[in-house]
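First the structure, in the form of structure tokens, and then the observations on it.
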Amino acid sequence: MIPGLSQRRRFSDLSEQEVLALAISSEEDDARIYRSYAEQLRADYPDSARIFEDMAREEDGHRQRLIEKHRERFGDVIPLIRREHVSGYYARRPVWLVQNLGIERIREEAEMMERDAHHFYLKAAQKTQDAATRKMLGDLAAAEAGHSASAERLTERHLDEDSKEAEERTAHRQFVLTWVQPGLAGLMDGSVSTLAPIFATAFATQDTWTTFLVGLAASVGAGISMGFTEAASDDGEISGRGSPIKRGIASGVMTTLGGLGHALPYLIPHFWTATIIAMIVVFVELWAIAWIQKKYMETPFFRAAFQVVLGGALVFGAGVLIGSA
């Protein structure tokens with residue numbers, strides 16, 4: 001026996017009363033999840049928050065219908081049975097797992113919840129022999145299937161074009177602050193700051209393997225340093241820049257990749273071949289930095305390119321001069 005699974009019931013073994021009880025607890029949980037989404041979105045997406053509040057009220061109405069049917073058929077005492085008590089029953093992701101996800105991901109979660117509930121009510125209707133109960137469960141299945149259309153109507157009611165544009169701007173700004181900005185800073189640091197030690201080692205030793213090891217150490221060390229610095233410098237609570245873990249990962253990974261880009265060519269044993277390829281990679285890295293600045297930071301491309309190329313050229317020249325000396 002697998003621990004924990006031996007205590008779970010199969011859906012096919014549930015009585016009609018237990019199926020109603022399971023539906024009641026499921027509707028209660030779904031209403032709580034929708035209200036949690038609404039609370040999570042209220043500050044940045046007030047109009048979408050109202051959509052989830054309306055959806056929670058619909059779930060409350062479903063739960064009340066189920067309770068009345070249970071009272072009519074089985075009395076006031078509702079058996080305690082929840083999703084986790086039934087083997088193979090659909091599960092909901094804990095709200096805390098989607099707290100840092102974007103608004104579109106939350107809407108996708110809501111759509112998945114509606115599809116699961118629709119399927120459940122179809123199965124539940126097949127188990128009951130009572131005509132009135134079967135009709136009610138079928139109606140609830142149709143209601144859950146229609147929640148997508150209902151959500152669209154709620155969106156039309158609460159989200160006019162100005163609200164949608166405002167929410168899209170907020171989502172874009174959050175993406176830039178959480179991922180693009182720290183990632184760009186890491187890419188710039190990794191691409192530029194490692195130029196001097198890598199090319200200084202290359203021209204001082206003309207040993208490609210030694211140069212690669214120095215580049216690998218510099219890239220990984222810089223990535224770890226930048227990642228921890230970004231994560232520790234700002235918890236995001238006041239600045240609104242988002243999760244420090246996400247920002248630390250973006251900064252650390254991009255720093256490492258920025259350095260490795262022109263370190264990896266030195267796996268080639270021929271010195272000048274490796275060096276020429278590394279120079280080409282540096283040019284591509286600097287162009288990518290300028291493009292990202294233009295696309296996400298709205299910096300004019302030529303100004304961004306001039307700044308990045310000038311800085312990179314100075315660091316590259318310093319490395320070559322030191323290595324040649």
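Here, each number is a calculation from the coordinates, and none is a lab measurement. Since this is a predicted model, take the numbers as computed values, not measurements.
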- Residues meeting the amide H criterion for SER87 (H placed from the backbone, H to H distance under 5 Å, 5 or more places apart or on another chain) are ARG9, ARG10, PHE11
- Task: Would you work out the relative contact order for the range 171-324, in percent, from Cα pairs under 8 angstrom that are 6 or more residues apart?
- Result: 35 percent
- Check ASP207: other-chain or 5+ apart residues with amide H under 5 Å from its amide H, H built from backbone geometry? none
- Query: From the phi of every residue in the range 32-48, what ³J(HN,Hα) in whole Hz does the Karplus formula 6.51 cos²θ - 1.76 cosθ + 1.60 yield, where θ is phi - 60° and glycine or proline is x?
  - Reply: 5, 5, 4, 5, 5, 4, 4, 5, 5, 8, 4, 5, 9, 10, x, 6, 5
- In sequence order, what are the phi-derived ³J(HN,Hα) couplings for the range 106-117 according to the Karplus relation 6.51 cos²θ - 1.76 cosθ + 1.60 with θ = phi - 60°, rounded to whole Hz, with x for glycine and proline? 5, 5, 5, 4, 5, 5, 5, 4, 5, 5, 4, 5
